Structure formats: structure tokens, C-alpha cells
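Novice: Sharing a structure here in C-alpha cells format.
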Amino acid sequence: CINCKYVTDCAAYHFVETKHEQPHMTNNPTFEPRDGSPTIHVNVRTIRTREDREKEIERMWREHEEQTKLAMEKKKEGKESGEADVDDDDERLVGENKYDLTPVTTYEYDVVKCEDFVLEQDCWIKNMPEEIKEANPNFVPS
């Protein structure tokens with residue numbers, strides 16, 4: 001897509017930007033690729049490598065510790081203020097938020113073929129959204 005003359009106004013590319021949570025080239029694309037095109041591969045990844053798995057476990061543990069600390073502080077504050085619902089026999093700690101111990105799943109959308117592709121080298125780079133330019137001045141798409 002980045003080298004296609006339609007990338008700045010393409011509804012299919014707008015869909016991919018949305019799925020990737022990226023700024024849009026346009027808010028109202030008017031170019032609609034022909035029916036059945038483009039072909040978009042969707043890759044679903046939960047944990048790819050041992051390093052990813054270790055990072056995920058660290059994230060879950062960090063979140064657990066943060067919520068446990070908040071719950072302990074809340075329980076301590078309740079005892080100090082004499083709140084009636086604080087029970088010394090109740091050892092359960094409940095934080096402000098529920099923490100999620102499930103691994104993060106990511107989705108990657110890649111346009112791999114489009115019947116309406118028309119070469120315009122670096123079209124996306126020349127028209128890159130300002131938010132991306134400002135956030136990543138040395139950004140080079142791959």
C-alpha cells in the first residue's frame with residue numbers, strides 16, 4: 001500500500017489503519033477497491049518467543065503486586081478510620097481494579113495483494129500523517 005497512488009484515499013487502507021490504531025491518511029476515504037480485493041492476511045499472535053513469554057509473566061506479576069499493594073493500603077485506611085466493613089478475620093484483599101492475568105493477543109493486518117494497485121513510489125511517505133511525523137521524526141515504514 002505504501003507505494004500505491006490510492007493509499008491516501010483508500011477505504012481498505014483506512015480499515016488497516018483502524019485495526020493498527022494508527023492515524024488516518026483521511027477520515028473519509030472515497031476510493032473503494034474492487035470487490036474481492038485487496039487480500040489481507042491477518043496474523044494472530046499471543047506469545048511468540050520465550051522472551052515474549054517472560055515479559056508477559058513479568059507484566060502479570062507487576063500488575064498483581066500493584067493491585068495487592070492498593071488493596072493493603074485500602075484495608076489499612078479502613079482500619080484507621082474505623083470503617084465497619086473491615087474484618088480482621090477476612091484475609092482477602094481486593095484492589096481498586098481487577099487485574100488481567102491472561103496473555104495479550106495481538107493482531108497484525110498485512111495487505112499482500114490488491115487488484116487496484118497503481119505504483120506511485122513512496123506515496124505514503126510523502127503523505128504521512130502529521131501525528132506520525134511528530135512522534136517519530138526518523139520513521140521508515142517497512
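Novice: Among the residues of the stretch 64-92, which ones are of a type outside the set (D, E, K, R) and modelled with pLDDT of 60 or more?
Specialist: Passing the criteria: His64, Gln67, Thr68, Leu70, Ala71, Met72, Gly78, Ser81, Gly82.
Novice: Something else about it: Taking the stated definitions as given, is Thr8 at pLDDT 80 or above, closer than 19 Å to Met128 by Cβ and assigned to a helix (DSSP H, G or I)?
Specialist: Considered against the rule, which asks whether it is at pLDDT 80 or above, closer than 19 Å to Met128 by Cβ and assigned to a helix (DSSP H, G or I), Thr8 comes out as yes.
Novice: How many of the residues making up the stretch 1-49 are closer than 16 Å to Glu108 by Cβ, in contact with a strand residue (DSSP E or B) (Cβ under 9 Å, 6 or more places away or on another chain) and surrounded by 14 or more Cβ atoms within 10 Å (Cβ to Cβ)?
Specialist: So the answer is 7.
Novice: Would you confirm whether or not the stretch 107-114 contains a residue that is of a type outside the set (Val, Ile, Thr), at pLDDT 80 or above and exposed (fewer than 11 other Cβ atoms within 10 Å of the Cβ)?
Specialist: yes
Novice: Among residues belonging to the stretch 50-69 that are over 19 Å from the mean Cα position of the chain (by Cα) and open to solvent by less than 70 Å² (accessible area, probe 1.4 Å), point out the one that is farthest from Cys1 (Cα to Cα).
Specialist: Thr68
Novice: Name the single residue, out of those in the stretch 16-29 being part of a helix (DSSP H, G or I) and either touching a residue at least 60 places away in the same chain (Cβ under 8 Å) or of a type in the set (Val, Ile, Thr) (or both), that is farthest from Met128 (Cα to Cα).
Specialist: Out of the qualifying residues, it is Lys19.
The values are calculated or read from the model by the stated rules, or taken from the named source; none is laboratory data. Computed from a prediction, not measured in an experiment: that's the story for all the values here. Every residue, glycine among them, receives a Cβ derived from its backbone with ideal geometry; neighbour counts consider all protein chains shown. Calculation scope for accessible area: heavy atoms of the full protein, side chains included, ligands and nucleic acids excluded. Shrake-Rupley method; radii C 1.70, N 1.55, O 1.52, S 1.80 Å.
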